[in-house]
Every structure is written in C-alpha cells, then in structure tokens.
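Where a number appears in this text, it was derived from the coordinates with a stated rule and is not lab data. Treat the numbers as computed from the prediction; the structure is a model and nothing was measured. Virtual Cβ from ideal backbone geometry, glycine too; neighbours counted across all protein chains shown.
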Amino acid sequence: MYNRTFWLDHIVNSQGAVIQQGTAMNQEHFNNIEIGVFEAQVAQDLNAIMQRLNADEAKNARPYIIKGKALTAGVNTVDLPTAESRNVATYCVQPVLQAASTATVAVTATQKNGFTVNASAACTVTFIITGGML
C-alpha cells in the first residue's frame, strides 16, 4: 500500500541557517513514488477488468425470447439469429407451451447458433434462452 510523503521545502535564512529541513530527495522517497504509480496502474487495470466482467454478466443475464415457434412432432431445429448466437453451447433453454397444448417438449442439444428439441406432438412454443455469453 502506498504511503504518502508530505514533502517539506528546505528553508534557510539570509545567513544560511536552516529554518526548516526539507524532505530528502533520495532513493527511498523516489521509489515510494514509483510504487504509488505502479499500484495506481494495477488498480486502474483491475477496475477495467471488473467493469468488463460486469458488462458481460449483464449481457449474459439478458434473456433472448423466441415467441410462437411452431414445432412438428419429433425432432426440430431452432436457429438463433446471428446477433443472438451464443459464445458457448452451455446455455439454458426454457420451453413454454401454449396453454391449451398437451405436448411435451424436451431440449436435446444446444449449439452456439441454435438448439434441437423433441416434441411429442405438433405445438407452438415460446423459448426463453439465457446464458452462453462469455
């Protein structure tokens, strides 16, 4: 941790007598300044990293919703738009069936640009996608 130096001017009177002894300009004091500059740079870098992580976390938490996707019975592929592609395939897909549907829908695989689902019958589903953004 940086220890602040309170610098004093070296003051002498007209006869040359020292009125105030100034702070020495030496290795100890100059290296203390260097440590302070270094620590400030590290703190700034860590702050930038934390801001980036927080921004990425906020982006990752924002769900993408596909409303009213018509599925046929069996295996269906659902593509994600390029702007909503995931950075990793480990994201969550929550299917929400229309109220009157008795079909079951299971997500069987996820890829960065889409996912596959297996529907027991033809149905219309809303998908809520979260995560997958690093």
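The relative contact order of the range 28-134 comes to 36 percent, based on Cα pairs under 8 Å that sit 6 or more residues apart. Taken along the Cα-to-beta-carbon direction at a fixed 7 Å, the label points for Q44 and D79 span 4.6 nm. When Cα extents along the principal axes in Å is calculated for this entry, the matching label among (i) 41, 35, 26; (ii) 104, 24, 21; (iii) 55, 35, 26 is (ii). Candidates G16, G36, M50 compared by Cα position along the dipole of the range 11-60: farthest toward the positive end lies G16, with charges placed on Cβ. Comparing Q44, Q27, Q94 in a Gaussian network model of the chain (Cα springs below 10 Å), the most mobile by mean-square fluctuation is Q27.
Could you work out the longest stretch of the chain that avoids the trypsin sites (Lys or Arg not before Pro) located in DSSP loops with at most 16 other Cβ atoms within 10 Å?
The segment 5-111 is the longest one with no such site.
From its DSSP helices (H runs of at least four residues, each -39,500 (n - 2.57)), the chain gives a residue-normalised ellipticity at 222 nm of -9500 deg cm²/dmol.
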